[in-house]
1. Kindly indicate which of G183, G166 is within 30 Å of P237 (Cβ to Cβ), touching a residue at least 12 places away in the same chain (Cβ under 8 Å) and not aliphatic (A, V, I, L, M).
2. Take G14 and decide whether it is small (G, A, S), surrounded by 18 or more Cβ atoms within 10 Å (Cβ to Cβ), modelled with pLDDT of 95 or more and under 26 Å from G289 (Cβ atoms).
3. Evaluate the following for N291: is it within 30 Å of L72 (Cα to Cα), in the same structural domain as L157 (by TED's automatic domain parsing) and crowded, with 20+ Cβ neighbours inside 10 Å?
4. Just give me the residues in the range 82-112 being touching a Ser or Thr at 6+ places or on another chain (Cβ under 6 Å), among the acidic types (D, E) and part of a loop (DSSP other than H, G, I, E, B), in sequence order.
5. Residues in the range 132-180 that are outside any helix (DSSP H, G or I), touching a helix residue (DSSP H, G or I) at 6+ places or on another chain (Cβ under 7 Å) and over 14 Å from N314 (Cα atoms): how many?
6. Output the residues belonging to the range 181-218 that are under 30 Å from V9 (Cβ atoms), charged (D, E, K, R) and not in a helix (DSSP H, G or I).
7. When the range 169-184 is examined, which residues are found to be farther than 20 Å from F201 by Cβ and surrounded by 15 or more Cβ atoms within 10 Å (Cβ to Cβ)?
Amino acid sequence: MLRAGIIGVTGYTGSELVRLLYAHGGVELSYVTSHSHAGRQLSEVHPHYLGIIDPLCRSFSAEEASEEADLLFFALPHGESMHLVPGLLEKGRKVIDLAADFRLKESARYRKWYEKEHSAPQYLTEAVYGLPELKGEEVKKASLVANPGCYPTSVLLGLAPLAAEGLLDWQTLVVDSKSGASGAGRNPSQALHFPECAENFKAYRVAAHQHSGEMEQELSALAGEELSFTFVPHLVPMVRGILSTIYLRLKSRRGEDEIRELFSGYYAGKDFVRLLPPPLVPETSAVYGSNYCDIALKMDERNGRLVVITAIDNLVKGAAGQAVQNMNLMAGFEENRGLKTVPIKP
C-alpha cells in the first residue's frame, strides 16, 4: 500500500482527495493536516465522511509527514507550499502540489502573475507540469509534480492537438471560460456570498487572470514559439464545473472531419478525454463528479472560425482527480485506478 498524506485536508480540494483515495484500494491515507481545524476529526468539518473515513486533522510537521507518508498532496492556498515542499523532497518524499507554486518555470514569470517572490526557485525547472495527457511519461519519473490549474486543464486539452501541429493563428485566439463557485475555495468572501453570486453571472479578472501564465507557457512549449492570447473567466452561480468555449482561426484551411481526426489521434488511449460526436456538445452536468474532459469541435464555415468547447469538473479533473491520476503514474498504478467514476446526473 502507498502511504499518502494530504496537507490542507479540509478545503474543497483536500476533501475531494479524501473521497477519491478512499475508493482507490491501493492507498492508505496515513497523514492529514489542517491549519484551521487541527485536533478535530475530519467528520467534524465534513460530516459526509462520518463512519466511512475519519482521520484526525493535525498541524503540519515536516518530520511527521516524512515519516508517515511516501507521497504528499499539498492542497494549500497559493504561496504556502513553496516554503514546505523542499524539506520533504530532501527527505526523499514525492510531492504533488495542487497550488500554483511550481507550475511556472521561471521565477520572473511567477513574480509577474502572483506578485510575490518565489522562495524556492531552484525547484521550478525540476517540477513536472502534471497534465498527464501531455506529460505522462515525465510524470512517471518525477518527484515533484505541479498539478495544473482548473481553467488551464480545460483550455490546454482543447488546444494541445492544434498547438502541437502548428495550426493555430494565435492572433485570433479568444478563450471564454465559465466556472462554478467552488473554484474559489472554501474560505468565504463577499463575492461568493450567496446573495452576491446567486441569480448573477459575471466576468472577472478580464484579460488578467493568473492562470494565463501557465496556459501561455505550456502552449508556447507545444507550439515552439512564444505566444499570448485573450482569456476571460466568468463566475457562474453553480457549485462545480468549468465550460470553456474557444474561438480561433487556423493557419490553413482544414475541414471539421480532418480536425476531428487530429484530436482522435492525439488523445487515442487517453481514458479521460472524450471527443463527443456531433451534434453533442459538452455540458458540465455530464462530467459532474468525474475525471473526464469532454470536447466538441465545430467549424463555422461561414466565418472561417473553429469553435472548440470543453467541459470538466473543476474539483476532479481540474484538481483532485488529476492529482490522483498523477499519483497513479508516479507510483506505478494503472493510470485510471480509483478514477473510473461514472459522472453523476442529474
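The values are calculated or read from the model by the stated rules, or taken from the named source; none is laboratory data. Since we're looking at a predicted model, the values are computed, not measured. All Cβ positions, even for glycine, are placed from backbone atoms using ideal geometry, and neighbour counts span all protein chains on display.
1. Values: G166 fails: within 30 Å of P237 (Cβ to Cβ).
Of the residues listed, the single one that is within 30 Å of P237 (Cβ to Cβ), touching a residue at least 12 places away in the same chain (Cβ under 8 Å) and not aliphatic (A, V, I, L, M) is G183.
2. Numbers: small (G, A, S): yes; surrounded by 18 or more Cβ atoms within 10 Å (Cβ to Cβ): yes; modelled with pLDDT of 95 or more: yes; under 26 Å from G289 (Cβ atoms): yes.
Yes.
3. Working: within 30 Å of L72 (Cα to Cα): yes; in the same structural domain as L157 (by TED's automatic domain parsing): yes; crowded, with 20+ Cβ neighbours inside 10 Å: yes.
So N291 fits the description; yes.
4. D101
5. 8
6. Of everything in the range 181-218, those that are under 30 Å from V9 (Cβ atoms), charged (D, E, K, R) and not in a helix (DSSP H, G or I) turn out to be R186, R205.
7. W170, T172, L173
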